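Heads up, the thing below is written out as structure tokens.
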Amino acid sequence: MSKFARGIVATIVGAAMWGLSGACAQYLYAHYTVSPLFITVVRMLGAGALFMAYLLAFRRELMGQIVRDRASVVRLVIFGCVGLFLCQLTYTEVVNFTNAGTATVLQSSSVVLVMLVTCLLERRLPHVRELAGLACAMVATVLIATKGNLGTLSIPPAGLAWGMANAASVTFYVMYPHRLFQKWGSMPVTGSGMLLGGFAALAVLMASEGIAAATGAAAPAIPAFGLDGIAVLALIVLVGTFAAFGLYLYGVSVVGGVKGSLLGTMEPVSATVLSALWLQTSFTAPDWAGLVLMLLTTVLVSVKGVQEQPAAQLGQASATELGD
């Protein structure tokens, strides 16, 4: 297999693994009393520790250079504790209120936000393909939220609100670390940000538990998981986060950002299919139509980015990929 073919396979498999992580979170909500914040803590700290072990083993000198660069450290803290943390938490909240497929499709609307921010920064109007992508994304969101009945909201309002917050947080963490990626590479930046974000998530969890205890409404911080719950948590950390990030980042480094963003559309597909087949989630025709329209949005916006949107190209590749 050629290097380019390996890159394609790695990108597709990595994106599909992100979809698996959403389905795993949905499984935990269905079988255990577990909070989105707890899942976020375990996911980020676990994957962040694995990334850091890899980086210290194979990129120790580079990591030393990063630590000595004060400006980069500050940016990494913001990237991890704001961008990655909020992205992971809001996505898990959407899964909690809806399901893995719906959450991942709503997250895909971030490609439109990246495009709009890019147009604003470049002080230009969107191109025709970008406007078409925006229209597809808006219709897709309406279909998913109403199931085709425009007079009724068919998903919980909190789920839709968290979905929009997730798209916004993805847009931030996708576009913010551009300089860090250019200077240090995606793997060291993502790994460091994941660990820092995990510590931020842990601090928020401990603070929330302390507040709950003070008000007499405390709940156990660590749910009583059975073997299946532990196995699913391990899948989220090892496969749905660490392996998914590693494979996708390698694939994008080979095939490029635009092709990576297009191949990354496997994430909402895998999340939806797994949610339907494994967890028996019922999806209506408007749901599937929304999925197709959101995939079309990615194609329209990304293909235009080949020649006219270098910043959006980076953002779209990372949004589908680094999103969950």
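The values are calculated or read from the model by the stated rules, or taken from the named source; none is laboratory data. For clarity, every value in this text was computed on a predicted model and none was experimentally measured. Quick reminder, even Gly has a Cβ in these numbers, built from the backbone with ideal geometry, and neighbours come from all protein chains shown. The area values use the complete protein model at the heavy-atom level, side chains included, leaving out ligands, DNA and RNA. Shrake-Rupley method; radii C 1.70, N 1.55, O 1.52, S 1.80 Å.
Numbers for the structure displayed
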item: Tally, over segment 50-68, of residues that are open to solvent by less than 50 Å² (accessible area, probe 1.4 Å), in contact with a helix residue (DSSP H, G or I) (Cβ under 8 Å, 6 or more places away or on another chain) and of a type outside the set (Phe, Trp, Tyr); result: 5
item: Among residues of segment 225-256, those that are among the hydrophobic types (A, V, I, L, M, F, W, C), touching a helix residue (DSSP H, G or I) at 6+ places or on another chain (Cβ under 8 Å) and more than 14 Å from Ser21 (Cα to Cα), counted; result: 6
item: Criterion: over 17 Å from the mean Cα position of the chain (by Cα), open to solvent by less than 20 Å² (accessible area, probe 1.4 Å) and closer than 16 Å to Thr298 by Cα - qualifying residue of Thr141, Thr104, Thr146, Thr118; result: Thr118
item: Total residues in segment 101-119, condition among the hydroxyl-bearing types (Ser, Thr, Tyr) and part of a helix (DSSP H, G or I); result: 4
item: Residue count, segment 160-179 (criterion: in a helix (DSSP H, G or I), buried (at least 23 other Cβ atoms within 10 Å of the Cβ) and either of a type outside the set (S, T, N, Q) or in contact with an Asp or Glu (Cβ under 7 Å, 6 or more places away or on another chain) (or both)); result: 6
item: Residues satisfying the stated conditions in segment 18-63, i.e. hydrophobic (A, V, I, L, M, F, W, C) and without any contact (Cβ under 8 Å) to a residue 60 or more places away in the chain; result: Ala53, Leu56, Ala57, Phe58
item: Residue match in segment 88-100 (condition: part of a loop (DSSP other than H, G, I, E, B) and within 30 Å of Gly198 (Cβ to Cβ)); result: yes
item: Long-range neighbours under 9 Å by Cβ, at least six apart or interchain, first residue within 12 Å of Leu37 (Cβ to Cβ) within segment 192-206, second of a type outside the set (Ser, Thr, Tyr) and not in a helix (DSSP H, G or I); result: Leu205/Ala221; Met206/Ala221
item: Flag if Lys183 is assigned to a helix (DSSP H, G or I), closer than 23 Å to Ser109 by Cβ, in contact (Cβ under 8 Å) with a residue 60 or more places away in the chain and not hydrophobic (A, V, I, L, M, F, W, C); result: no
item: Residue match in segment 275-297 (condition: at pLDDT below 90 and either surrounded by fewer than 24 Cβ atoms within 10 Å (Cβ to Cβ) or assigned to a helix (DSSP H, G or I) (or both)); result: yes
